[in-house]
Amino acid sequence: MIYTDTYTSPLGNITLTATKTALTGLWFEGEAYYSRVFEKIEVCPRRDLPIFAQTRNWLDTYFQGSNPEFTPPLKLEGTSFRQSVWEILKTIPYGQTMTYGEIASIIAAQRQIPHMSAQAVGGAVGHNPISIILPCHRVIGTDGSLTGYAGGLNRKAALLQLEGITNSPT
């Protein structure tokens, strides 16, 4: 069963989904792909669970401008390709960025292939089910441009600014 909760952030309401023990989703309400998520799962009524308290604590710390020193338990479901991209997202440090091309190069090396499409990486990044905690907002274009954030480019810019990041690769 998947349970839901809502977190009110400075950038708008965030919907949280979880099993009893792990966070399965974190989306700004109305973001791209938001409605599709709830077509695929049986959502139970809101319920106060320890995982939601942990996630709210993480988000409170983050939106106060600090790097949370913990990550709530996560349960990610997706293709093996998406999973591999999301694992790389976990490694992008607070206050730093990575480009889609850099992630594509890492995936190509992991799979021992000569090239991986940055656009394919962009698709996986865009379908990240646990935004902010899996920091897809830290992925930028090679030229430093802010591209491809399902929550909207204004929110991406605000999250990067909160972390002290300018629009250039680091």
Test: residue 117 is out of contact with any Gly (no Cβ under 8 Å at 6 or more places or on another chain), touching a residue at least 12 places away in the same chain (Cβ under 8 Å), closer than 27 Å to residue 30 by Cβ and of a type outside the set (D, E, K, R): no
Some residue of the stretch 142-153 being closer than 18 Å to residue 30 by Cα and among the aliphatic types (A, V, I, L, M): yes
Members of the stretch 87-119 that are more than 15 Å from residue 148 (Cα to Cα) and aromatic (Phe, Trp, Tyr): 94
Pair list, Cβ < 8 Å and 6+ apart or interchain, from the stretch 137-148 residues that are under 17 Å from residue 127 (Cα atoms) to residues that are open to solvent by less than 30 Å² (accessible area, probe 1.4 Å) and among the basic types (Lys, Arg): 137/156; 146/156
Subset of the stretch 64-84 (residues that are touching a residue at least 12 places away in the same chain (Cβ under 8 Å) and of a type in the set (Asp, Glu)): 77
Residue check, residue 53 over 13 Å from the mean Cα position of the chain (by Cα), at pLDDT 95 or above, more than 20 Å from residue 24 (Cα to Cα) and not in a loop (DSSP other than H, G, I, E, B): no
Test: residue 125 is free of Cβ contacts under 8 Å to residues at least 60 places away in the same chain, closer than 22 Å to residue 15 by Cα and touching a helix residue (DSSP H, G or I) at 6+ places or on another chain (Cβ under 8 Å): yes
Conditions (1) modelled with pLDDT of 95 or more; (2) in a helix (DSSP H, G or I); (3) under 17 Å from the mean Cα position of the chain (by Cα); number of the one not met by residue 36: (1)
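The values are calculated or read from the model by the stated rules, or taken from the named source; none is laboratory data. Given the structure is predicted, the values throughout are model-derived calculations rather than measurements. Reconstructed Cβ throughout: ideal geometry from the backbone, glycine too, with neighbour counts over all protein chains shown. Heavy atoms of the whole protein, side chains included, go into the accessibility calculation; ligands, DNA and RNA do not. Shrake-Rupley method; radii C 1.70, N 1.55, O 1.52, S 1.80 Å.
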